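Written out below as structure tokens is the structure these notes cover.
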Amino acid sequence: MELCLFLGCNTPAIRPDVERAIRATMPELGVDIADVEGYVCCPAFGSFPSTDDDSYLASSGWNLSIAEAKGLDIMVQCGSCYSSLRMGRDHLAHDEVKLARVNELIELTGRKLECKTRVRHISEILYNEVGAEKIFKTIKKSLNGLHGVIQYPCHTLFPSEIVGFEESPREPKALRLLTEALGATVDHYSRELQCCGGAGGFSKSSPAEATEFAKSKLDAIIEETKADFIVVSCITCLMYLDNIQKKLNEAEGAGKYKIPVFDYNQLLALCMGFDPKQVASICTVPRTSVIDKIIAG
Amino acid sequence: MDFSTSDKDLWKQIYNTKDLLHCFNCSTCLSGCPASHGDPPLLVRNLARMVVFGLEEDLLNDDTPWACVSCSRCEEMCPMDVKPFEMILAIRKWQTSNDETRVPTAIVEIYKRGYTQAVGANTELRTSLGLPELQTITKMPEMLKLYQEMLMKTPVVSENDYMFNEE
Ligand code: SF4
Ligand code: SF4
Ligand code: SF4
Ligand code: SF4
């Protein structure tokens, strides 16, 4: 199958090694990638979705119509992009007046939107289209002997009616099964379904409280599991849970927080034998403990 | 709270859905809300009350809707289908249209270059990772112009056009 990869802003600009991991791994699993040339910001919830429907939905329509002109569905890794695009599409698909207005606004591009293009999260593609078994059979190296914990990106769970793909949003399992397919043992912990708190205004308007909130999650991981790493599938979860550990160490001065954080496709790429320098090099908490074990097999 | 100046029809302006009136103050929307841990806390239940009671002044000056991380837990869990996250966005829209200082700076960035970040500017890093050059809208001046022209026809940009004009 072929899908349009919607990259958003943060992945290509700040963590392009994740983009490299996605581009390297998906075709190996039969998912070819097309680009969304001339796309714009999803738009982020703190931008046009917070000002008016016209500018929000016109931006969604701008992006959706580029993929629709290619006759392809959209694949997204960033949780916020996924949710913003998918909610935008949902508004347009269920409201003829809004859709007509957006078509009026994007008319100058020569494109027309019919809402045929669907918006899908990369973990859903991996889980439903590729499947854990194919992943297990494709990899050359594994995470055998390593323990991982999952950060489920809330933007892929809630509201389940619109963005969800899990059988139960209260008990998500796609990322767990995908991680187990790489040979890792996945540990559960009490704050597994807690948000990282990293998106939106919270961490900016209440930095101390947001740090404390993330700390409660990391403490639960350290106290309750044998985690060698954290798996995410959202660029914001990745950057936030990685960077906040440095901040916590500076505050506590003990180096207690040192759990490497990986995007799922980075682990997949490492298990497929891709060069760690290309697919997993940008991080705050060093990843060598995990990467060395994968390479040593 | 002072109800003497409250506007009983305010909810129709801000969030015109009957579902809002079904809110029974259960507080489910607070449990699991990361921003409810903030200082000041984002209390979705209280905001719903303020909209229904029509406390215009208090609402206009309330910053907490902007602390929302858009996780949509409240949307998922609310038993009365108030769609609290939609309500948060609705309050922000109403605040923005009544107070230009609320216009998020991010939309000026997006207007100018299409993105919140300088996407595609890190060519050296991208090449070293084996990545292709990105066809960003920043590198397609004619497309960017169309995008800006389109945004100029939307309320937030046309009503605040001075923020978007190149100097
Ligand atoms: S959600 Fe964030 S990363 Fe994704 S396009 Fe929007 S601003 Fe960019
Ligand atoms: S956990 Fe944080 S970053 Fe991840 S999806 Fe939720 S809000 Fe976004
Ligand atoms: S969960 Fe729904 S019904 Fe309960 S207080 Fe919040 S908005 Fe009101
Ligand atoms: S969507 Fe916003 S208000 Fe609702 S639970 Fe998440 S952070 Fe809180």
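Listing for the model above:
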read-out	value
Residue that is farthest from A:Asp52 (Cα to Cα) [pool: residues in the stretch B:153-167 that are open to solvent by 60 Å² or more (accessible area, probe 1.4 Å) and part of a helix (DSSP H, G or I)]	B:Tyr162
Verdict on B:Asn165 being at pLDDT below 95 and either farther than 23 Å from A:Ile14 by Cα or touching a strand residue (DSSP E or B) at 6+ places or on another chain (Cβ under 8 Å) (or both)	yes
Complete set of residues in the stretch A:20-35 that are surrounded by fewer than 24 Cβ atoms within 10 Å (Cβ to Cβ) and at the interface with chain B (Cβ under 9 Å from one of its Cβ atoms)	A:Arg23, A:Ala24, A:Asp35
Residues of the stretch B:42-76 classified as within 8 Å of chain A (Cβ to nearest Cβ) and hydrophobic (A, V, I, L, M, F, W, C), total	6
Spans of helices (runs of 4 or more DSSP H) in the stretch A:1-117 with at least 1 residues over 21 Å from A:Cys237 (Cβ atoms), at pLDDT 95 or above and outside the structural domain of A:Pro159 (by TED's automatic domain parsing)	A:16-28, A:53-69, A:79-93, A:96-106
Residue within the stretch B:19-33 that is within 16 Å of ligand 1 (Cβ to nearest atom) and surrounded by 24 or more Cβ atoms within 10 Å (Cβ to Cβ) present	no
Test: residue in the stretch B:2-25 that is within 16 Å of ligand 2 (Cβ to nearest atom) and within 14 Å of another protein chain (Cβ to nearest Cβ)	no
Hits in the stretch A:276-297 (condition: in a loop (DSSP other than H, G, I, E, B) and closer than 20 Å to A:Ile14 by Cβ)	A:Ala280, A:Ser281, A:Ile282, A:Cys283, A:Thr284, A:Val285, A:Pro286, A:Arg287
Residue satisfying condition, being under 22 Å from A:Ser206 (Cα atoms), within 11 Å of chain A (Cβ to nearest Cβ) and out of contact with any Ser or Thr (no Cβ under 6 Å at 6 or more places or on another chain), within set B:Ala35, B:Ala106	B:Ala35
Output for the stretch A:46-81, where each listed residue is more than 15 Å from A:Gly200 (Cα to Cα), open to solvent by less than 20 Å² (accessible area, probe 1.4 Å) and touching a residue at least 60 places away in the same chain (Cβ under 8 Å)	A:Ile66, A:Ala67, A:Ile74, A:Met75, A:Val76, A:Gln77
Candidates A:Glu171, A:Glu209, A:Glu166, A:Glu180 - the one that is crowded, with 18+ Cβ neighbours inside 10 Å, of a type in the set (Asp, Glu) and under 20 Å from the mean Cα position of the chain (by Cα)	A:Glu166
Cβ pairs under 9 Å, 6+ apart, first in the stretch A:202-213 and in a loop (DSSP other than H, G, I, E, B), second surrounded by 20 or more Cβ atoms within 10 Å (Cβ to Cβ)	A:Ser206/A:Phe213; A:Ser206/B:Ala35; A:Ser206/B:Gly38; A:Ser206/B:Ala67
Per-region count, the stretch B:65-116, residues within 16 Å of ligand 2 (Cβ to nearest atom), open to solvent by 40 Å² or more (accessible area, probe 1.4 Å) and in a loop (DSSP other than H, G, I, E, B)	1
Subset of the stretch A:232-250 [within 16 Å of ligand 4 (Cβ to nearest atom) and of a type in the set (Ser, Thr, Tyr)]	A:Thr236, A:Tyr240
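The values are calculated or read from the model by the stated rules, or taken from the named source; none is laboratory data. These numbers were taken from a predicted model, which means no experiment stands behind them. Virtual Cβ from ideal backbone geometry, glycine too; neighbours counted across all protein chains shown. With ligands, DNA and RNA removed, areas are computed over all heavy atoms of the protein, side chains included. Shrake-Rupley method; radii C 1.70, N 1.55, O 1.52, S 1.80 Å.
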